Amino acid sequence: MKLLEMNHIKKAFNGVQVIKDISLSVEKGEILAIIGPSGSGKSTLLRCATMLETIDDGEIQYLGRRAAWVEGGKPVFPKKEERKEIQSYFGLVFQNFNLFPHFSVMKNITDAPLKVQRRGKEEVFEEARRLLKKMGLEDKENAYPYQLSGGQQQRVSIARALMMHPNILFFDEPTSALDPELTGEILKVIKDLAAEHMTMVIVTHEMSFARKVADHIIFMDKGVIAEEGTPEDVFGSKNERIREFLGKLTSER
Amino acid sequence: MSFEVMLRQLLEGFGQTCLIFFLTLVFSLPLGMVVYFGRVCRIKPISWLVKIYISIMRGTPLMLQLLVWYFAPFYLWGMNIGGYKLTAILIGCSLNYAAYFAEIYRSGIESIPKGQYEAAALLGYSRQQTFFKIVLPQVVKIVLPSVTNEVITLVKDTSLVYSLSYVEMFAVAKQIAAAQTTVLPFFIAGVFYYIFNYAVAGVMELFEKRLDYYR
């Protein structure tokens, strides 16, 4: 079953074509990694998929329901209720966490389930504690974001997204703001989620990680998909741009 | 005139000073929010009008504004302005301070990172929920020092109503000083203003401390 389908997406900022006709789909349980140089449009693509950005052309569908399309040259989102429901299909983990600084860890991850989804208090708190324990944050539920390390903050933000029970979870360079040690913490959490068959789309610069964890890799360059396929396909590609990009990476390490 | 009598008269005037101060705050703090929404309203004519209003309020002396609010109804429509003085004062002060508060609120609201709105949207919060639960509490913390500044200025600005011959502490002090040829009432009034502002600053610091639990 296809959870997400993006067809012929185009997006320009101030006349600069950032995404030029990209199509992709994500199956249930699939892990898609999107890699490529900075400025290639990866994050924009993710922002379009999560309805934070409008599209100039094309169509986005979640579970066969239209989430964004274009009518008469104008971007269209569904009506309020429909849009809300579609939004509940996915979650997003940001590069710089975007936790709510005035909420404790517990409130950060339970407020939306309680106030938006209107779930029962007991059930929500029980799940929150279970999730915090899994993330190694069981002693942090009363802490505030500023008291946590970057890695801990990112784990809270992953927990916050998971609490909403999304069908598909997006990661926008989840480790780019973290040092190598903390990066490892986050990658382990994502690996654990992969083992539970969580459907994920991950924009990342962690090549070895993408190679290990992803089922499918998309290499983006200058707003187009330059190469895609299994990790073996992409990392073994003869495409010169990819060789160059990956070569630089390995020579730097 | 004995010191005691002088003190009692000044205290009575101080009561009026406090009345103007508190009522102006009660009206202008929420009104500032309304003005802010007008300022950023997507309907252009509204935001233009509000911009002009803010510009006038900030660009002309409060004393002049008070005189206009008080005397304009009489000169323009021949209205009997007998019992209207306090109303005119409250309208003038509240509208003036609301303009300043609106700009303070705007600076606070605009300093909230875009990511906070995006995170809230992704979690399904409605626009109202996002504003009242996520944005506003953070704005309060950010604007508190600037608001404190304005509030302290307001304590001192209450003395401007003496231009309408409204009897509050400053007017009383001036009267006594002239009648008794002594500088003492000015000195006492100064002490009152200072103590009042010292208390205001203390209370505001308390609010700031209460919001210290996060950064």
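The values are calculated or read from the model by the stated rules, or taken from the named source; none is laboratory data. Computed from a prediction, not measured in an experiment: that's the story for all the values here. Positions of Cβ are backbone-derived with ideal geometry, glycine not excepted, and every protein chain shown enters the neighbour counts. Only protein heavy atoms, including side chains, enter the accessible area calculation; ligands, DNA and RNA are left aside. Shrake-Rupley method; radii C 1.70, N 1.55, O 1.52, S 1.80 Å.
Could you give every pair whose Cβ atoms fall below 8 Å, whose first residue belongs to the range B:14-33 and is surrounded by 22 or more Cβ atoms within 10 Å (Cβ to Cβ), and whose second residue is of a type in the set (S, T, N, Q), counting only separations of at least 6 or pairs across chains?
Pairs that qualify, where the first residue is surrounded by 22 or more Cβ atoms within 10 Å (Cβ to Cβ) and the partner is of a type in the set (S, T, N, Q), are B:17/B:158; B:17/B:159; B:20/B:158; B:24/B:94; B:24/B:158; B:28/B:94; B:28/B:96.
Here is a list: B:4, B:103. Which entry is acidic (Asp, Glu) and modelled with pLDDT of 95 or more?
B:103
Would you point out which residue out of B:69, B:48 is open to solvent by 50 Å² or more (accessible area, probe 1.4 Å) and under 16 Å from residue B:87 (Cα atoms)?
Result: B:69 is the single residue among B:69, B:48 that is open to solvent by 50 Å² or more (accessible area, probe 1.4 Å) and under 16 Å from residue B:87 (Cα atoms).
Return the residues of the range A:77-101 that are within 17 Å of residue A:165 (Cβ to Cβ) and either open to solvent by 40 Å² or more (accessible area, probe 1.4 Å) or basic (Lys, Arg) (or both); say none if nothing qualifies.
A:84, A:85, A:88
Restricting attention to the range A:137-164, which residues are part of a loop (DSSP other than H, G, I, E, B) and in contact (Cβ under 8 Å) with a residue 40 or more places away in the chain?
Hits for the range A:137-164 are A:144, A:148, A:163, A:164.
Is it true that residue A:104 is within 14 Å of chain B (Cβ to nearest Cβ), touching a strand residue (DSSP E or B) at 6+ places or on another chain (Cβ under 7 Å), under 27 Å from residue B:132 (Cβ atoms) and open to solvent by less than 40 Å² (accessible area, probe 1.4 Å)?
Here the answer is no, as residue A:104 does not meet what is asked.
Let me spell it out: the conditions are (1) part of a helix (DSSP H, G or I); (2) more than 30 Å from residue B:211 (Cα to Cα); (3) open to solvent by 40 Å² or more (accessible area, probe 1.4 Å), and residue A:130 meets all of them except one. Which number is the exception?
Among (1) part of a helix (DSSP H, G or I); (2) more than 30 Å from residue B:211 (Cα to Cα); (3) open to solvent by 40 Å² or more (accessible area, probe 1.4 Å), the lone unmet condition for residue A:130 is (2).
Residue B:131 versus (1) assigned to a helix (DSSP H, G or I); (2) hydrophobic (A, V, I, L, M, F, W, C); (3) under 27 Å from residue B:153 (Cα atoms): which is the lone unmet condition?
(3)
Go over the candidates B:162, B:125, B:213, B:194 one by one and state the one that is open to solvent by 40 Å² or more (accessible area, probe 1.4 Å), assigned to a loop (DSSP other than H, G, I, E, B) and not β-branched (Val, Ile, Thr).
B:213 is the lone residue from the list that is open to solvent by 40 Å² or more (accessible area, probe 1.4 Å), assigned to a loop (DSSP other than H, G, I, E, B) and not β-branched (Val, Ile, Thr).
Whether any residue in the range A:177-190 is open to solvent by 10 Å² or more (accessible area, probe 1.4 Å), within 14 Å of chain B (Cβ to nearest Cβ) and either out of contact with any Leu (no Cβ under 9 Å at 6 or more places or on another chain) or farther than 30 Å from residue A:220 by Cβ (or both) is what I want to check.
yes
Pick from the range A:14-62 the residues that are small (Gly, Ala, Ser) and assigned to a strand (DSSP E or B): which of them is surrounded by the most Cβ atoms within 10 Å (Cβ to Cβ)?
Out of the qualifying residues, it is A:33.
When you check residue A:50 against the structure, is it over 25 Å from residue A:234 (Cα atoms) and within 14 Å of chain B (Cβ to nearest Cβ), yes or no?
yes
Among the residues of the range A:144-157, is there at least one that is at pLDDT below 95 and among the basic types (Lys, Arg)?
Scanning the range A:144-157 turns up no residue that is at pLDDT below 95 and among the basic types (Lys, Arg).
Out of the residues in the range A:163-176 that are under 12 Å from the mean Cα position of the chain (by Cα) and within 12 Å of another protein chain (Cβ to nearest Cβ), state the one that is farthest from residue A:4 (Cα to Cα).
Applying the filter and picking the extreme gives A:172.
Restrict the check to the range B:101-113 and report whether at least one residue is part of a helix (DSSP H, G or I) and within 14 Å of chain A (Cβ to nearest Cβ).
yes
Listed residues A:229, A:151, A:247; which is open to solvent by less than 40 Å² (accessible area, probe 1.4 Å), under 25 Å from residue A:17 (Cβ atoms), small (Gly, Ala, Ser) and away from chain B (no Cβ under 14 Å)?
Only one candidate qualifies: A:229.
How about the range B:114-138: which of its residues are among the aliphatic types (A, V, I, L, M) and more than 9 Å from every other protein chain (Cβ to nearest Cβ)?
B:135, B:136
Testing residue B:141 on (1) touching a residue at least 24 places away in the same chain (Cβ under 8 Å); (2) within 14 Å of chain A (Cβ to nearest Cβ); (3) open to solvent by less than 20 Å² (accessible area, probe 1.4 Å); (4) not β-branched (Val, Ile, Thr), one condition comes back false. Which one is that?
The failed condition is (3).
Looking only at the range A:115-127, which residues are away from chain B (no Cβ under 11 Å), open to solvent by 10 Å² or more (accessible area, probe 1.4 Å) and among the hydrophobic types (A, V, I, L, M, F, W, C)?
A:125
If we scan the range A:203-220, do we find a residue that is of a type in the set (A, V, I, L, M) and open to solvent by 50 Å² or more (accessible area, probe 1.4 Å)?
No, because not a single residue in the range A:203-220 is of a type in the set (A, V, I, L, M) and open to solvent by 50 Å² or more (accessible area, probe 1.4 Å).
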